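Working notes for the structure below.
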């Protein structure tokens, strides 16, 4: 049983070496993502514009917003061109999360 585990590990190492020695294969060829996290302490119109500008300038793929302080209706109508959003409002004043 132990021998089989060691054999699989060696096989995995050999496979990785062969792939990397080809010269045209990256170690992690997955997609490149850029993320950001921000606590805006409320999303005013000025902060929304700054957020959109940052998304464009920094090529942000995803963003986590905390303390957005938007009502359920505001979360439903929140949009930034080219992005999807999912948000939850805090039942009372303040709080909430938006991705």
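Restricting attention to the stretch 50-71, the residues being surrounded by 13 or more Cβ atoms within 10 Å (Cβ to Cβ) and at pLDDT below 85 number 4. Out of the residues in the stretch 18-49 that are part of a helix (DSSP H, G or I) and either surrounded by 10 or more Cβ atoms within 10 Å (Cβ to Cβ) or modelled with pLDDT under 70 (or both), which is farthest from the chain's Cα centre (by Cα)? Only one residue fits best here, namely 18.
Kindly indicate whether any position in the stretch 85-93 is free of Cβ contacts under 8 Å to residues at least 40 places away in the same chain, assigned to a helix (DSSP H, G or I), out of contact with any strand residue (DSSP E or B) (no Cβ under 6 Å at 6 or more places or on another chain) and crowded, with 16+ Cβ neighbours inside 10 Å. No, the conditions are met nowhere in the stretch 85-93.
The values are calculated or read from the model by the stated rules, or taken from the named source; none is laboratory data. Computed from a predicted structure; not experimentally measured. Positions of Cβ are generated from backbone atoms using ideal geometry, with glycine treated the same way; all protein chains shown enter the neighbour counts.
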